[in-house]
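Below is one structure, written out as structure tokens; comments come after it.
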Amino acid sequence: MATLLDISNELLTLEAQLEQLGGDVDTAGSLVDEWLDACARQREKLDNYAALIRELELRAEVRKAEARRLAERAKQDAEQAAFLKERLRQHFIQHNIQSIETERFRISHARNGGLLPLILDVNPEELPEPYRVTEVRHKANIDAIRAALDAGETLTFARYGERGSSIRIA
């Protein structure tokens, strides 16, 4: 009889093997199929397999939340850096400083290159014809297409597909 430690080790081995494959779906599929087929304790293994899925889903949620938190921190850092740069630019202008060398940096106040900024004093739709572009975007009217299909119409450009299936772990 396998101990809980043996089962956990098998599961950890499977997880490590899946990580080593790095997304190779064909090999991963074969590996998982072999693992499931070789199981004399199918109910136990399926329970552990579902636990691994749940753990990976929960870990993904935690990592997404952490990524959002870090993205917000990065945004705050970028905003603070932009604020500080603008304050430094104002200081350079006030004191007529073009550049200065510090122990670690050379800080310069220079004019931007490239094209001159363009300022529109009216909304784009108020511009005369040669100076505006009108964009037309087509989008499927999903509700109308569904209504026609539900009413029994045969459409040459749309049809219902088959429902997929999924595993749910509660």
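The values are calculated or read from the model by the stated rules, or taken from the named source; none is laboratory data. All values derive from a computational prediction rather than experimental measurement. We place every Cβ from the backbone using ideal geometry, glycine too, and count neighbours over all the protein chains shown. Surface accessibility is based on the protein's heavy atoms, side chains included, excluding ligands, DNA and RNA. Shrake-Rupley method; radii C 1.70, N 1.55, O 1.52, S 1.80 Å.
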Revision key, fill the gap. Within the stretch 47-71, of all residues that are of a type outside the set (Lys, Arg) and open to solvent by 80 Å² or more (accessible area, probe 1.4 Å), the one farthest from SER8 (Cα to Cα) is LEU70
Study note, to complete from the structure: Output for Cβ contacts, cut-off 6 Å, separation at least six or different chains, first residue at pLDDT 85 or above in the stretch 105-132, second part of a loop (DSSP other than H, G, I, E, B), reads HIS109/GLN98; PRO124/ARG132
Study note, to complete from the structure: Residue hits (the stretch 145-170; exposed (fewer than 10 other Cβ atoms within 10 Å of the Cβ), small (Gly, Ala, Ser) and farther than 30 Å from LEU46 by Cα) are ALA151, GLY152, GLY161
